[in-house]
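Read the structure below first, then the notes.
The values are calculated or read from the model by the stated rules, or taken from the named source; none is laboratory data. Just so you know, these numbers come straight off a predicted model, no measurement behind them. Cβ placement follows ideal geometry from the backbone for every residue including glycine, while neighbour counts extend to all protein chains displayed. Only protein heavy atoms, including side chains, enter the accessible area calculation; ligands, DNA and RNA are left aside. Shrake-Rupley method; radii C 1.70, N 1.55, O 1.52, S 1.80 Å.
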Amino acid sequence: MSFNWSSKEQKTANQAAAGGQKRARSDAGNKVTVVIGSQWGDEGKGKVVDLLATEADVICRCQGGNNAGHTVVVDGKEYDFHLLPSGIINSKSISLIGNGVVIHLPGLFEEGDKNEKKGLKGWEKRLIVSDRAHLVFDFHQVVDGLQETERQAQEGKNIGTTKKGIGPAYSSKASRIGLRVCDLLGDFNDFSTRFKNLVRHYQSMYPSLTVDVDDQLKKLKEFAERLRPMVRDGVYYMYEALHGPPKKILVEGANAALLDIDFGTYPFVTSSNCTVGGVCTGLGIPPLNIGDVFGVSKAYTTRVGIGAFPTEQLNAVGELLQTRGHEVGVTTGRKRRCGWLDLVILRYAHMINGFTAIALTKLDILDVLDEIKVGIAYKLNGKRIPNFPANMDILHKVEVEYETFPGWKTDTSAARKWNDLPAKAQNYIRFIENHIGVPIKWVGVGKSRECMIQMF
């Protein structure tokens, strides 16, 4: 891809150098808007992205892989996205898969083709893939399953991964033995040698792992040719997008703050940084270019798989939220665990990400409840603790201090503006805003685009 300083930039630089003057600080350029999950995933990020994507010029994914699952409903059609940015629906924009994403090529093309049958046209022409992104191979997915079995046997518990090979692919990356898009599109003989070495590496750890290397390489060679037209140098592409004419650039976070490898409920987390720092490293852009950061939260809390969950309700309330909210994972098909809204985790997510506003989704699921509780603090041995514990044993032991609200017992699904919401629902929303110190910009009361009430 060509990369040219504009003549104006070049001229200014030359004049400054010639005159021995201090170089003028260049304009920061366009800002990116970031959408991040602020709980344990499944908050409805896809819907918020979809709302913003209608006006965006570029929509990016910066981390994770096809372990993410976003459902978007447009004109009564339901599209499922795992690896493609869900903004690919917008035919006027470019979708970018950044260097921080790990890509399973069979999964990418299967997803594109499946959505094409539902009416997603021309997606391959609108997709750009960073040449620095790492690849997930089929054997990474097999290894993911073997590791889970091993954990179950050794510790009596597993992490509950999606078995999409994401963890093993990031492990290969961190061990410097991973293979990237640029390797696949380079000398194929060299790629084949490195692929075989990578297979041998995993077979030495998992003797039961069988890989048909020749068949895999044959398929990868075919994928390489289909992928080639989409591949660009992501760093240079993003630089030009930021410093060229005004553009609206949107970043779609996958997974969520409490699943972040550093800040989440480790070890029951994903293998990438799904907080705002992952945007800079996963796209190759400076912090200066981060604009609005929108956190997405349900009006209650859900979690898939095992791990501490202080506000979980293992009772009729939990069952009601699960049933009314259709709480089943898009990627795994597993039932989600459900509980009251936890403002300790929302505040913690805000500390890390600096949310400029929040989208509160699925408020309508609470419509039938007589009373609604919100977790506002954690106690240990009867004393309030001032932070969100890093240690999972401690998090398992905390007691939650709740604030209780009367239910509004009114159907909110037809509400389209703030004044349509019952006063008790308004009070609930205002309490959340005041407690975490972040304004709520959207309130979701249903599945479709129209069901997002915009507050300001």
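Table for the structure above
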read-out: Some residue of the stretch 236-245 being in contact (Cβ under 8 Å) with a residue 12 or more places away in the chain and charged (D, E, K, R); value: yes
read-out: Only listed residue being at positive phi, touching a Phe, Trp or Tyr at 6+ places or on another chain (Cβ under 9 Å) and in the same structural domain as S413 (by the TED database), chosen from G333, G305, G325; value: G305
read-out: E150, sole failed condition from (1) more than 17 Å from P207 (Cα to Cα); (2) without any contact (Cβ under 8 Å) to a residue 12 or more places away in the chain; (3) open to solvent by 60 Å² or more (accessible area, probe 1.4 Å); value: (1)
read-out: Test: residue in the stretch 199-218 that is in contact (Cβ under 8 Å) with a residue 40 or more places away in the chain, among the small types (G, A, S) and out of contact with any helix residue (DSSP H, G or I) (no Cβ under 9 Å at 6 or more places or on another chain); value: no
read-out: Those strands (runs of 3 or more DSSP E) lying entirely in the stretch 326-388 with at least 2 residues in contact with a helix residue (DSSP H, G or I) (Cβ under 7 Å, 6 or more places away or on another chain); value: 337-339, 357-361, 371-380
read-out: Residue count for the stretch 71-110, restricted to those that are touching a His at 6+ places or on another chain (Cβ under 6 Å) and either polar (S, T, N, Q) or surrounded by fewer than 23 Cβ atoms within 10 Å (Cβ to Cβ) (or both); value: 1
read-out: Test set (1) without any contact (Cβ under 8 Å) to a residue 40 or more places away in the chain; (2) closer than 28 Å to D214 by Cβ - G167 fails condition number; value: (1)
read-out: Among residues of the stretch 353-390, those that are within 25 Å of the chain's Cα centre (by Cα) and not aliphatic (A, V, I, L, M), counted; value: 11
read-out: Enumerated strands (runs of 3 or more DSSP E) restricted to the stretch 38-152, each holding at least 1 residues that are closer than 30 Å to I436 by Cα; value: 58-61, 70-74
read-out: Cβ pairs under 9 Å, 6+ apart, first in the stretch 393-416 and in contact (Cβ under 8 Å) with a residue 24 or more places away in the chain, second of a type in the set (F, W, Y) and part of a helix (DSSP H, G or I); value: E403/F431; F405/Y428; F405/F431; W408/Y428
read-out: Qualifying strands (runs of 3 or more DSSP E) (wholly inside the stretch 222-304; at least 2 residues being farther than 15 Å from I345 by Cβ); value: 249-252, 290-298
read-out: Of all residues in the stretch 311-353 being open to solvent by 30 Å² or more (accessible area, probe 1.4 Å) and β-branched (V, I, T), the one that is nearest to T71 (Cα to Cα); value: V330
read-out: Subset of the stretch 277-294 (residues that are more than 17 Å from R132 (Cα to Cα) and crowded, with 21+ Cβ neighbours inside 10 Å); value: V293, F294
read-out: Only listed residue being closer than 30 Å to E371 by Cβ, open to solvent by less than 10 Å² (accessible area, probe 1.4 Å) and either in contact with a strand residue (DSSP E or B) (Cβ under 6 Å, 6 or more places away or on another chain) or free of Cβ contacts under 8 Å to residues at least 12 places away in the same chain (or both), chosen from A308, A299; value: A299
read-out: Candidate set: the stretch 222-268, residues that are within 13 Å of the chain's Cα centre (by Cα) and of a type in the set (V, I, T); chosen: the one farthest from T161 (Cα to Cα); value: V251
read-out: Meets criteria (among the small types (G, A, S), assigned to a loop (DSSP other than H, G, I, E, B) and surrounded by 19 or more Cβ atoms within 10 Å (Cβ to Cβ)) for A415; value: yes
read-out: Flag for K118 being in contact with a strand residue (DSSP E or B) (Cβ under 7 Å, 6 or more places away or on another chain), over 23 Å from G234 (Cβ atoms) and loosely packed, with under 14 Cβ neighbours inside 10 Å; value: yes
read-out: Residues located in the stretch 191-245, provided they are open to solvent by less than 80 Å² (accessible area, probe 1.4 Å) and either in contact with a Cys (Cβ under 7 Å, 6 or more places away or on another chain) or of a type in the set (V, I, T) (or both); value: T193, V199, V211, V213, V231, V235
